[in-house]
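Working notes for the structure below.
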Amino acid sequence: MKSWTTVIAGLCVAAASTTAAAQTGDRFPSRQVTIVVGFAPGGGGDLAGRWIAEFLRERWNVPVVVENRPGAGGTIAAGHLARTKPDGYTVALASPGPFTVAPHFQKLTYNPAKDFTYLFKFLVSAQPMFVKADSPFKTVQDLIAWAKANPGKLLWSTSATNGTTHITTAAAFRAAGIEATYVPFKGGPDPVNGLMSNQIQVVVTDWFKSFAEAGTIRLLAESGPDKIPAYPNVPTYKELGFPISLPVFYGIAGPAGMPEDVIRQWDAAAADMVRSPNFPKLVGALNGTPSHSGHAEFSPMVVDAFNQMGRLVPELGLKPAQ
């Protein structure tokens, strides 16, 4: 018959083994990770989400799936993310619309400054201001001078009414003391088509690469704070002294309250991801520029952009698009 000492020792060993197994199972990541994308399959956001999912599957050796929750400019997905458990297993693609702009135009169920953990940024999209190649405007200064002499006659547009580039450019024109008329289009390439058919004179959008390569447009400035690598002589809004110059970014966000050790795992994965040999292919497919920021830098950047938009929207008298 076993002694009580032997029985107790056996129980202690079993308990220790169970605890170790539980701890191993709880170590992130140990099960399926879901990346929520607030856009329909086939678009740039969906492409980015699926590329990241494939990278993480290979790195973490766990299932990583993309869940599309399109609608309302990405705010449906953001609202869902804010309600999920902050364990790192559900995250979402982060872009300016639902996290920095939309909350200032509609009542939403979340607060971007409080309800999310901004994990990392991996790419920015060039959003230059440009005119037709035969335009008399050679520089931004030429455009401003003409607009001052012709109040209200400068016609311009962007791919997203009330988007980041609309707001930053409206603020730039206001600071320059000019009156310009914004012409809304449905989005995508429509504003560029409007430019090429002489319906408008200036566009600020990411739909520029093929036109620039063909020599049919002239870039005047980049609305974000980062230079366009292929066009280093094009000044940024920041360099021109305009009041706001925000990047149009792609990143990953989670719900508020994520544990520090889980955040570190996401940080490490992002750092390796942007160094991977296939990452430039994703950047090229999205017509973007590599731009990596970890949680410590990305989080205050998004919150600052959200707060700046909150100041500018009422100052500019912008209203929700009809």
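The values are calculated or read from the model by the stated rules, or taken from the named source; none is laboratory data. This structure is a prediction, so every number in the text was calculated from the model and none was measured. Cβ: placed from backbone, ideal geometry, glycine included. Neighbour counts: every protein chain shown.
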### Task
Please tell me if Val101 is of a type outside the set (Asp, Glu), in contact with a helix residue (DSSP H, G or I) (Cβ under 7 Å, 6 or more places away or on another chain) and at pLDDT 95 or above.
no
Condition set assigned to a loop (DSSP other than H, G, I, E, B) and touching a Gly at 6+ places or on another chain (Cβ under 6 Å), scope segment 102-121, selection nearest to Pro86 (Cα to Cα): answer is Tyr110
When (1) aromatic (Phe, Trp, Tyr); (2) within 26 Å of the chain's Cα centre (by Cα); (3) farther than 14 Å from Ala221 by Cβ are applied to Phe173, the one that fails is (3)
Exactly one of Gly257, Gly310 is assigned to a loop (DSSP other than H, G, I, E, B) and either touching a Phe, Trp or Tyr at 6+ places or on another chain (Cβ under 6 Å) or not assigned by TED's automatic domain parsing to the domain that holds Ala170 (or both), and that residue is Gly257
Exactly one of Val262, Val203 is crowded, with 19+ Cβ neighbours inside 10 Å and either without any contact (Cβ under 8 Å) to a residue 24 or more places away in the chain or not assigned by TED's automatic domain parsing to the domain that holds Leu119 (or both), and that residue is Val203
Of Ile178, Ile144, the only residue that is surrounded by fewer than 23 Cβ atoms within 10 Å (Cβ to Cβ), assigned to a helix (DSSP H, G or I) and not hydroxyl-bearing (Ser, Thr, Tyr) is Ile144
| request: Test Ala133 against the criterion of being out of contact with any helix residue (DSSP H, G or I) (no Cβ under 7 Å at 6 or more places or on another chain), among the hydrophobic types (A, V, I, L, M, F, W, C) and assigned by TED's automatic domain parsing to the domain that holds Lys186, and give yes or no. | output: yes
When every residue in segment 109-131 that is surrounded by fewer than 18 Cβ atoms within 10 Å (Cβ to Cβ) and in contact (Cβ under 8 Å) with a residue 24 or more places away in the chain is compared, the one farthest from Ile200 (Cα to Cα) is Lys114
Filtering segment 160-188 for residues that are farther than 17 Å from Ser245 by Cα and touching a Ser or Thr at 6+ places or on another chain (Cβ under 8 Å) leaves a count of 6
Result of the Cβ filter at 6 Å on segment 232-255, keeping first residues that are touching a residue at least 60 places away in the same chain (Cβ under 8 Å) and partners that are in a loop (DSSP other than H, G, I, E, B) and of a type in the set (Lys, Arg), at least 6 apart or interchain, is Ser245/Lys238
Check: Quick check, is Ser30 in a loop (DSSP other than H, G, I, E, B), within 28 Å of Pro229 (Cα to Cα) and of a type outside the set (A, V, I, L, M, F, W, C)?
Finding: no
Log entry, pairs with first residue in segment 206-218 being part of a helix (DSSP H, G or I), second being surrounded by 13 or more Cβ atoms within 10 Å (Cβ to Cβ) and modelled with pLDDT under 95, beta carbons closer than 7 Å, six or more apart or on different chains, reads Lys209/Asn287
